[in-house]
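Just below is one structure, and these are the notes that go with it.
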Amino acid sequence: QVQLVESGGGLVQPGESLTISCTTSGISFNIAAMGWYRQAPGKQREWVATILSGGLTNYADSVKGRFTISRNSARQTVYLQMNSLKPEDTAVYYCKSEVGRADYWGQGTQVTVSS
């Protein structure tokens, strides 16, 4: 059974940092491309960052230089470290795994940036 479980979301003030996690099971994590997406109220889901199985990363322009995606194969977990958070980063953050043509999504974790 495939499971992707996000955790670590919460309420932070502008300028603060937060790290969210996505722990997986039932997928071939070592060969999976892992990504983070987010969806703000009233907006479409948007891509945030991707990390390939070999460690290559890519980021949306809106988060480049502030967010860092990483992965731990032993824990089958992908992380998103978010620094210098802005109110516009407020959204539900979802992780996604891609192995061949099989895509799986987590249930999301809420990140709210507000003073």
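The values are calculated or read from the model by the stated rules, or taken from the named source; none is laboratory data. On a predicted model such as this, the values are computed, not experimentally measured, just so you know. Here the Cβ positions follow ideal geometry from the backbone for every residue, glycine too, while neighbour counts run over all protein chains shown. Surface accessibility is based on the protein's heavy atoms, side chains included, excluding ligands, DNA and RNA. Shrake-Rupley method; radii C 1.70, N 1.55, O 1.52, S 1.80 Å.
The table below gives the values:
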| quantity | calculated |
| --- | --- |
| Qualifying residues in segment 71-89 (those that are of a type outside the set (Phe, Trp, Tyr) and touching a residue at least 60 places away in the same chain (Cβ under 8 Å)) - the one farthest from VAL12 (Cα to Cα) | LEU80 |
| Meets criteria (under 23 Å from GLN110 (Cβ atoms), β-branched (Val, Ile, Thr) and in contact with a strand residue (DSSP E or B) (Cβ under 8 Å, 6 or more places away or on another chain)) for ILE27 | no |
| Subset of segment 80-108 (residues that are part of a strand (DSSP E or B) and surrounded by 20 or more Cβ atoms within 10 Å (Cβ to Cβ)) | LEU80, MET82, ALA91, TYR93, TYR94, CYS95, LYS96, SER97 |
| Given (1) in contact (Cβ under 8 Å) with a residue 60 or more places away in the chain; (2) open to solvent by 60 Å² or more (accessible area, probe 1.4 Å), index of the condition GLY10 fails | (2) |
| GLY35, sole failed condition from (1) assigned to a strand (DSSP E or B); (2) touching a helix residue (DSSP H, G or I) at 6+ places or on another chain (Cβ under 9 Å) | (2) |
| Selected residue [touching a strand residue (DSSP E or B) at 6+ places or on another chain (Cβ under 9 Å) and either among the β-branched types (Val, Ile, Thr) or surrounded by fewer than 20 Cβ atoms within 10 Å (Cβ to Cβ) (or both)] from TRP47, TRP36 | TRP47 |
